[in-house]
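Please treat every number below as a calculation from the coordinates, not as lab data. Keep in mind that this is a model prediction, so the values were computed, not measured. For neighbour counting, all protein chains shown are included, and Cβ atoms are generated from backbone atoms with ideal geometry for every residue, glycine included.
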Amino acid sequence: MLIQRLIRIFIAIMLLAGVNGVSAAEPIKIGTFLTVTGPAAFLGDPELKTLQMVIEDLNAKGGLNGRKIELVHYDTGGNAREALNFVKRLIQKDQVDLIVGGTTSGDSLAVIPEVEKARIPLISLAGAVEIIEPVRKWVFKVAHTDRMAAAKIFEDLRKRGLNKVALITGDGGFDKSGREQVLKLAPEYGMTLVADESYGNKDTDMTTQLTKIRATDAQAIINFGFGQAPAIVTKNIKQLGINLPVYQSHGVASKTFIDLAGEAAEGVRLPAAALVVAEQLPDTDPQKPVLLAYKKEYEAKHGPVSTFGGHAYDGIMIAAEAIKRAGGTDKAKMRDEIEKTSGFIGTAGVFNMTQKDHMGLNLYAFKMVEIRDGAWKIVE
Amino acid sequence: MLEQIFQFLVAGITVGSIYALVGLGFALIYNASDVVNFAQGEFVMLGAMTAIALLGAGLPLALAAIAATLLTALTGLLLERCAIEPAHGASVVTTIIITIGAAIFLRGVASLLWGKNSLPLPAFSGNEPINLGGATLLPQSLWVLGGTVLLVGLTRAFLNRTLLGKALLACSFNPAAAQLVGINVKVMLRLAYGLSAGLGAIAGILAAPITFSSYEAGIMLGLKGFSAAIVGGIGNPMGAVAGGLLLGILEALGAGLISSGYKDAIAFVFVLMVLFFEPTGLFGHKVAERV
Amino acid sequence: MRLAGFFVFAVAVILLPILFPDDYFVTVVGIAAGLHVILAVGLNLLMGYAGQISLGHAAFFGMGGYASAILTTRFDWPGWLALLAGLLVAGTIAWLLARPILRLRGHYLAMATLGFGIIIHVVMVQATEWTGGPDGLGGIPPLNLLGWTVDSDQQWYWVIAAAMLLIIWLSLNIVDSRIGRALRAVRGSELAAQMIGIDTARTKTQVFVVSALFAAFAGSLFAHQQAFVSPDSFSLMISVELVTMVVLGGMASTFGAACGAIALTLLHEGLVVFEDYEMIIHGGLLMAVMIFLPQGLFVGLTQGVQRLWMLISSRRNAKACQAEVNTHAL
């Protein structure tokens, strides 16, 4: 008897709470799953800080459509299985309206089936071209693809009249998928690969692989990777006295790389988003004010920017614009509006998404930069 | 070709001596307590990270290195006192899990203190490569090699020549008997942890200009050090050193001559082969089971 | 009576989703926990009962996973056939490896199994044409069981729950069989076991193969459930985690291993909210449990409860006696 009464009271309370919840403006819930620990931590860390910073700003300005934004975050540690479970948690338990995230390609690729099944928009921050190719209805991405990086490097090599390249990559997802794109694009640009070496991302010495490269007739070395390994490769190249142009990928476009590699980094070229060279852009460049504003705010709080934090900025801003245009958080409407993103000026470039292109960036957004005197210089 | 192989060997020996130093730390603790300390790699990381932090705080390099070594040794001592000693008498697997827990804990502390980026330590004497019969190596590699030789020599002398060292060895052979002849086993255990933590810290500091360091750096170094200690025959400090060098050279030769992608697999296939033919490592003691 | 614990557990597993339908912690976390239970129970046969450590168990888990992933996506095999193939591969490799590897003892065995795990992991990462490399293989079709397609999380809960109960039941029976008794003898002293006529090498091989089969079985289910496999699901860290589950729960107890698997899965899920402090808490808890309950959560706690019960009942008896004495005195 008592139990029945208790249950009735409980139900009544629950109903009241429910009614109250609906009458007040519910916050917009944006979910994210990033690699804040693990080998790719230095990618996910600025991404999370950026998301928190941008959302704080938006809320200070009154939120979106009069509703506050709430960020729900889980750290995947770079493990694709964790990523999938956390995305399920975001969708089922936290019931988020939209997801921005997936620091690494592996994490992003792992969650795509679940996102498609749940019909919720996902804006990935990772690089692999497979995320948006083939086009999936609910999946978008804002980071430059590894294919664009490879193309940019080959363009630069062609300009310098070099066509024999040695490739050295790590054993991570970013490295391997970069390697694949280099192998695929090389014939298109008339490049011959004279070496294709690999190392472990936690290795501490790559002189062995580089010694093999030294014995070939390579005219340039391309290294695809991120974290400390590319810095070690760069130092080892110097140590072995190999005097060839060295190309790194956009994976090392952060101050950390220059700090780690030290003087050995001098002369290294890499394709990077304009963010790292914002000050050097001509004043006519439409991106310049956006870049400088983000850079100023981020550096005031957290220290040097990296292009990865920039991707998070692009992702959350594209989402915010789309939510504004959709006038609410209806998932299908948000998705349609994200797809209609055009002329959005982000840190990675100007986004023009279409039904066939769920990224909407072109090669223009990528700058070839060279490291000179410990700083980035545009070389175009 | 010969010149190439020489360069591979130089690379292998440099990396191998880092493994050797880490392996030596494993052997020391195992010698005193029959415990394999899976937090050994974290000591290496702690030494390097503390030195980098102290250097950043304005201390001169030498002082930062000494302070970092002492601080890490203290951490080792604390670990023994707070986590290993209370679990006295627990099974081997239980102590392994405790040390794994300690490793995760230390990693967590490091990530909070110093963030998640890799950090560099400046080379002790410049970055100008030295040419050695066609192979080039960094001055820092010489520091690593010299440090290894010196530390291995000191450890050996300590264990074989000093009373304290002999007492330490006695604890592993038979703790009860050691206690009976008046050795304070508890103090010996703390000493062993402190020593091997300090040893790990020095290894980390010597290697950091080449390898950099981050809160996660201990995982890989711990793994390789453990392999070195096992291949050499665990409990034999000189075996651990030989094992480390062997492993480093194998990796370099595997990467250079066979396949750089599969080099870790090649090294471990070799380790398995060694164990299949020498079940107690290359220089391990053969122990008969008592019923 | 022998299986009383099993039935209690089974009822709890069946009631959970009925009491909490559509709850994330039951379906999604429950599935993860269920897979971990299968792995831990299998590993416990080897570690807890035979006393042989394995730091490479994730390799067998991965063989099952990749066999299912590769065969169903590239060769369009039906799921059940791919699962059998995975079992065959893992079983054969375990059988070939068992004799040389189980000759080793203690830390040498730990090293050898660890090395084996790393070799398999390197292959998963490097053999890109087959395994998809570090980014893994996606698009694994849902499992089809006799015309029933397992797709939603709820359906998966039932499949994994059934699989888990089957494995626990098998394990309990193995432990109680002749092999189980032989195993315990091997654990006590191998030499002594040989003296009383137990073919220790054969016994150890059998249990190694069985526990590899359990792991591969879990791997196949895992591949279909996630629709995706990648090498980091089968890394050294996972092997270490599995060992931790077995030890944390309590070795040489099937329910202990299951308990450890569930506890560690929940712990991980619960600690996420601590973000940067997660590692410190995780490591600290691990140390604390092992220091204060060296025999593991399940064994330690059940013993604690038993002791408490004895204490209470002995007090009660003492009081009753006292009362009797008092009345008599009066």
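Structure values in brief
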| quantity | calculated |
| --- | --- |
| Within a Gaussian network of chain A (alpha carbon springs, distance under 10 Å), most fluctuating of A:ALA83, A:ALA126, A:ALA215 | A:ALA215 |
| Within-14-Å neighbourhood charge of C:LEU39 [Cβ basis; K, R +1; D, E -1] | 0 |
| For region A:284-380, alpha-carbon Rg relative to the globular expectation (2.2 N^0.38 Å, N residues) | 1.23 |
| Volume per residue that the Cα convex hull of region C:7-68 spans, once the total is divided by residue count, Å³ | 113 |
| Considering only the protein assembly as shown, percent of DSSP beta bridges that pair antiparallel, nearest 5 | 45 |
| Semi-axis lengths, Å, region C:4-294, gyration tensor of Cα atoms, sqrt of 5 times eigenvalues | 28, 23, 20 |
| Chain A, relative contact order [Cα under 8 Å, separation at least 6], % | 16 |
| Size of region B:41-113 as Cα extents on the principal axes (Å, biggest first) | 44, 20, 15 |
| DSSP beta bridges in chain A [antiparallel fraction, %, rounded to 5] | 35 |
| Relative contact order of chain B, pairs being alpha-carbon contacts under 8 Å that are 6 or more residues apart, as % | 37 |
| Distance histogram for the protein assembly as shown (every C-alpha pair counted, 10 angstrom bins, percent rounded to whole numbers) | 2, 11, 20, 24, 21, 14, 6, 2, 1, 0, 0, 0 |
| Radius 10 Å from Cβ of A:THR37, net charge of other residues (Lys, Arg +1; Asp, Glu -1) | -4 |
| Where only alpha carbons of region C:80-189 are counted, the Rg and the Dmax (Å) | 18.4, 50 |
| Unit Cα scatterers, Debye sum, chain B: log10 I(q)/I(0) for q = 0.12 Å⁻¹ | -0.76 |
| Mean shadow area of region C:190-281, taken as a quarter of the surface of its Cα convex hull (nm²) | 8.3 |
| Value of D in µm² per second that Stokes-Einstein yields for region B:236-278, Kirkwood Rh from Cα pairs, at 20 °C (1.002 mPa s) | 201 |
| Extent along principal axes [Cα atoms of region A:217-294; Å; largest to smallest] | 42, 24, 19 |
| Other-chain or far-sequence residues with amide H under 5 Å of C:PHE20's (modelled H) | none |
| Pairwise centroid distance, computed over Cα atoms, of region C:65-96 with region C:215-252, Å | 16 |
| Inter-part distance where region A:320-366 and region B:1-70 are each reduced to a Cα centre, Å | 49 |
| Charge context of C:GLU269, other residues only, Cβ under 12 angstrom, K/R +1, D/E -1 | +1 |
| Debye log10 I(q)/I(0) at q = 0.06, 0.10, 0.11 Å⁻¹ for chain A, Cα point scatterers | -0.25, -0.64, -0.75 |
| Relative contact order for region C:4-294, counting Cα pairs under 8 Å that sit 6 or more residues apart, in percent | 35 |
| Pairwise Cα inverse-distance average, inverted: Kirkwood Rh of region A:164-209 (Å) | 11.2 |
| Those aspartates and glutamates that a straight Cα-Cα span of less than 12 Å connects to A:LYS68, excepting residues fewer than 8 apart in one chain | A:GLU26, A:GLU56, A:ASP57 |
| Exceeding the 26 Å Cα-Cα cut-off - candidates A:LYS176/B:LYS263; A:LYS152/B:LYS116; A:LYS49/A:LYS255; A:LYS184/A:LYS238; A:LYS255/A:LYS324; A:LYS295/A:LYS331 | A:LYS152/B:LYS116; A:LYS184/A:LYS238; A:LYS255/A:LYS324; A:LYS295/A:LYS331 |
